[in-house]
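Here's the structure, in structure tokens; my notes come after.
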Amino acid sequence: HHQGPLLVLAGPGTGKTKVVTHRIAYLVRRYHVPPENIMAVTFTNKAAQEMSERISQLLGPTGLDVWIGTFHAACVRMLREHGNEIGFNRNFAIFDQETQDEVLVECARDLRLSLSTYPVWFLRDIISAMKVQMQDPSAEHDFIRTRDGDVIEDPAEQQDVANLLKAYQEKLALHGALDFDDLISKTVQLLRQVPAVRDEYRRRIHYLLVDEFQDIN
């Protein structure tokens, strides 16, 4: 297989990652595709490392020029290069889940909201669901949904959650930080809103291979 989309469906342990890595080697050897024009993404650092090692074994030093990494690492790289195009410092910090939870606890305490009424995981899930849908948690919303899609119906609770989400986003901005969901949503925003950047990556990336494709949102 050379041009156009291709989907490989197979069970665990049957060699899907091998298909991805050998296809990269095939493109380079058979069709002389420059390695720097190939991008491969997966979900975990361990899987990305495994893929990188296999490519190096197949192609030698030229394999290092293939862009291999996790979804989040790929997005970080794009945002470091072009984040200023959508209005934020490219030297942003990244809040992992532990730091994100600490910030949410701090926001709840500032607003004197009970963490038993509004558990951290509940708030984190709402934020994640919004950002996956490309919504700004700090904006005004007619209603707020949980991750399961249920609407928070009590007006007082909805206002409490809205205030907390706004405070959370303000603290992110104060620290010049992005959370994991921002890494994805901000990259989508960048590619949608800045044609010059989108065209640059189109010129650079001729082949995009996705491991564990069934898990993408």
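Would you check if ILE144 is hydrophobic (A, V, I, L, M, F, W, C), on the phi < 0 side of the Ramachandran plot, at pLDDT 90 or above and surrounded by 13 or more Cβ atoms within 10 Å (Cβ to Cβ)? So ILE144 does not fit the description; no. Scanning segment 149-183 for residues that are of a type in the set (Val, Ile, Thr) and either surrounded by fewer than 16 Cβ atoms within 10 Å (Cβ to Cβ) or within 20 Å of the chain's Cα centre (by Cα) (or both) yields a single hit, VAL151. In a residue-by-residue description of segment 88-101, the property of being within 22 Å of HIS175 (Cβ to Cβ) and among the β-branched types (Val, Ile, Thr) applies to at least one position. I'd like the full set of residues that are touching a residue at least 24 places away in the same chain (Cβ under 8 Å), open to solvent by 50 Å² or more (accessible area, probe 1.4 Å) and either closer than 23 Å to CYS75 by Cα or hydrophobic (A, V, I, L, M, F, W, C) (or both), limited to segment 4-33. LEU7 - this is the single residue of segment 4-33 that is touching a residue at least 24 places away in the same chain (Cβ under 8 Å), open to solvent by 50 Å² or more (accessible area, probe 1.4 Å) and either closer than 23 Å to CYS75 by Cα or hydrophobic (A, V, I, L, M, F, W, C) (or both).
A residue that is open to solvent by 50 Å² or more (accessible area, probe 1.4 Å) and among the hydroxyl-bearing types (Ser, Thr, Tyr) can be found somewhere in segment 116-133. Across segment 44-73, the number of residues qualifying as of a type in the set (A, V, I, L, M), part of a helix (DSSP H, G or I) and crowded, with 20+ Cβ neighbours inside 10 Å comes to 3. In segment 87-96, is there at least one residue being under 21 Å from ALA73 (Cβ atoms), open to solvent by 30 Å² or more (accessible area, probe 1.4 Å), in a loop (DSSP other than H, G, I, E, B) and among the aromatic types (Phe, Trp, Tyr)? Checking segment 87-96: at least one residue is under 21 Å from ALA73 (Cβ atoms), open to solvent by 30 Å² or more (accessible area, probe 1.4 Å), in a loop (DSSP other than H, G, I, E, B) and among the aromatic types (Phe, Trp, Tyr).
The values are calculated or read from the model by the stated rules, or taken from the named source; none is laboratory data. Not measured: the values here are computed from a predicted model. Don't worry about glycine lacking a Cβ; one is built from the backbone with ideal geometry, like all the others, and counts go over all protein chains shown. For the accessible areas, the whole protein counts, side chains as well, though only heavy atoms, and no ligand, DNA or RNA atoms are used. Shrake-Rupley method; radii C 1.70, N 1.55, O 1.52, S 1.80 Å.
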